[in-house]
Amino acid sequence: MGKKKMTSNDSKEEVIPIIEIDKLIHEPARLMIISLLYVVESADFLWIKRQTDLTDGNLSSHLSKLESAGYVTVEKSIKNKKTNTSIKLSGGGRKAFEVYRQKLTQILESTKN
Amino acid sequence: MDLKALEKKAWRSVFQDGIWDIYFGLLFLGLAVASFGDIFGLPSELGSMIIILCWNSITVLFLILGKKFITIPRIGFVKFGTKRKKLKKRMLGFLIFNLILAFLFLFVNLSGIFERLNIGGLIEPLVVGLLLITIPLSILAYFLEFHRLYIYAILFGLGFFNSELLFPLVGSPLDLFLSQGLIGIIVILIGSVFLIQFLRKYPSSKA
């Protein structure tokens, strides 16, 4: 039994236009941040900074964008007279990342043919 | 994008500071120090128990304070997800099973079966070390994904066996002190190297 040959119509149906990819997540630094937050429950600003090697300003700016989109929740509290920022991926952010991964995988798969 | 690998890398960053190594080294060194249990003028068993209790309390305090004042200010704080919580439950299950096995062994040992079978001598401290130290620590190493702990588990497990070998040469309690204390000190030194590397790599951050 041979494999089913893919017709040009089949491949057209499977192709997802790259424009549909979530650009907010697709940016490398934000992709790193979201990927890290996807595999943990929550993390503070410093932990993400160390893991991503981003500067304070850069990380802060990317987090603001993700927070504005509702992808992450940022909670600030005072611990031992120091500001502590706890960051968590929101339900919407988690879903958006899963959709992003799915679409990207499909696009990459379709390029193989 | 391998998310599993990313999670593992993040998890393993917990052990890069060497504080866990120093903690285990100190715990084992405590066993060596406890061999001088009679310094209080108390019966040696009671003195040893007091020393172990005090020593272990200080060791646990070192781990907690070390993480709080050395690690977190340098690499930040992270809460891991449900997968790690499930693993923790499974680890506890295995440790309880191991504890039951250890009790069974002690019960069999007390019944005198080993003496009747004439397999005492060096076999007994080897089995004790394996059951009470090597297996539980290996279970911890597996679930914590703390790979250096496998080596420590073997070294610590051989402690009783080594002391039995040293006994004819140096007598008691120096046999215990030398065999277990030396391994404890080696592990503390390994941990210190990791700690120094960590402190150099991650200077204290005010963020």
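A short reminder: the numbers here are calculations on the coordinates, not readings from a lab. Quick caveat: nothing in here was measured; it's all calculated off a predicted structure. Backbone-built Cβ (ideal geometry, glycine too); neighbour counts: all protein chains shown.
Observations on the structure shown:
- Quotient of Cα Rg and 2.2 N^0.38 Å for chain B, N being how many residues it contains: 1.16
- Charge dipole of the protein assembly as shown about the Cα centre (unit charges at C-beta), most positive-ward option of B:Ile72, B:Leu26, B:Phe161: B:Ile72
- What the pair-distance distribution of the protein assembly as shown shows, using all Cα-Cα distances binned every 10 Å from zero, is 5, 19, 24, 19, 14, 10, 6, 2, 0, 0 percent.
- Residues listed by number, the range B:1-39, amide nitrogen under 15 Å from A:Ile107 label point at 7 Å toward C-beta: B:1
- Highest mean first, the peptides A:72-83, B:6-17, B:127-138, B:87-98 sorted by other C-beta atoms within 10 Å per residue fall in the order B:127-138, B:6-17, B:87-98, A:72-83.
- Extension gain, B:Ile185-B:Ile154: 0.36 nm per intervening residue step, less the Cα-Cα distance, totals 9.6 nm.
- If R0 is 51 Å, the Cβ-Cβ spacing of B:Phe107 and B:Arg12 corresponds to a FRET efficiency of close to 0.85.
- Against the main long axis of the alpha-carbon atoms of chain B, helix B:82-110 sits at an angle near 10°.
- Per-residue shielding of B:2-14, expressed as the average number of other chain Cβ atoms within 10 Å of the residue Cβ, stands at 3.
- Across peptide A:28-39, the average count of Cβ atoms from other chains found within 10 Å of a residue's Cβ is 3.
- Between the range B:75-97 and the range B:9-63, the C-alpha centres lie 23 angstrom from each other.
- Cα convex hull volume per residue for the range A:22-112 (Å³): 97
- Qualifying lysines (Cα of each under 25 Å from Cα of A:Lys65; at least 8 residues distant if same chain): A:Lys23, A:Lys49, A:Lys76, A:Lys82, A:Lys88, A:Lys95, A:Lys103, B:Lys79, B:Lys206
- Peptides B:165-173, B:145-153 ordered by average Cβ neighbours within 10 Å, highest first: B:145-153, B:165-173
- Relative to the Cα centre, the charge distribution of the range B:8-201, modelled as +1 at Lys and Arg Cβ and -1 at Asp and Glu Cβ, gives a dipole magnitude of about 1780 debye.
- Selection from B:Leu3, A:Gly70, B:Ile100 lying farthest towards where the dipole of the protein assembly as shown points positive, charges on Cβ: A:Gly70
- Over the residues of chain B, the helix contribution to mean residue ellipticity at 222 nm works out to -24000 deg cm²/dmol, using -39500 (n - 2.57) for each DSSP H run of at least 4.
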